[in-house]
Structure formats: C-alpha cells, structure tokens
Amino acid sequence: MLVLLDLNLPGIGGQEVLAQLRADPVLRSLPVIIFSNSTEARDVRSAYGGGANSYLFKPSGAVELQEAARALECFWFSAALLPGLEEPTG
C-alpha cells in the first residue's frame with residue numbers, strides 16, 4: 001500500500017496530511033508519493049523535508065498522465081521493496 005498525495009487539497013493542505021501521516025506510529029512507514037502540478041523548488045524541498053518518499057510532477061495531458069501512472073505502478077509495485085514485504089510485489 002502507498003499514498004499518492006496532491007499538495008493542493010480542498011480544506012487541508014497536502015503538507016498537513018503528510019505531517020499527520022508521519023506523526024502516526026501506525027501510518028508513518030507508508031510510502032508517500034507527492035503527485036503535484038507544482039515544480040516550485042520550495043514545494044519539492046518541503047515535501048522531502050516532511051518525509052515524502054518521492055515527488056513527481058503531475059502532467060496535465062491524458063497520455064502523459066497515463067505514462068506517469070504506469071511508471072509509478074512499475075516502480076512501486078514491481079521493483080520497490082516495501083515495509084513488511086520480502087520481495088517486490090510484481
């Protein structure tokens with residue numbers, strides 16, 4: 001399991017959600033991927049500083065979005081070793 005988190009959420013910011021996840025002993029080991037349309041250096045630094053495992057630019061086009069989703073799936077569900085798993089899930 002992993003969390004795909006946008007920084008721009010209605011009512012609560014993505015950075016606040018990230019802080020809550022990292023503060024929770026049960027949830028803190030979940031991989032959190034920031035998937036945002038912001039490429040601002042301060043947003044990237046802040047996300048990593050808050051404990052994000054990855055920061056990916058969210059493209060606006062449908063084809064590019066599909067490619068990004070495939071790349072995420074390939075890495076996180078086929079290649080990465082996640083907490084509690086002995087081998088990749090793919």
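Structure summary
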{"read-out": "Residue-averaged [θ]222 nm for the chain, counting only DSSP H segments that reach four residues, each worth -39500 (n - 2.57)", "value": "-10500 deg cm²/dmol"}
{"read-out": "Assigned charges on the beta-carbon of Lys, Arg, Asp, Glu; the chain dipole about Cα centre (debye)", "value": "220 debye"}
{"read-out": "Highest to lowest packing among 28-34, 4-10, scored as the average C-beta count within 10 Å", "value": "28-34, 4-10"}
{"read-out": "Cα gyration tensor shape of the chain, rounded if a/c is under 1.5, else prolate or oblate by comparing a/b with b/c", "value": "oblate"}
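Rule-based calculations on the coordinates, nothing more; no lab input. Because the structure is predicted, anything quoted here is derived from the model rather than measured. Don't worry about glycine lacking a Cβ; one is built from the backbone with ideal geometry, like all the others, and counts go over all protein chains shown.
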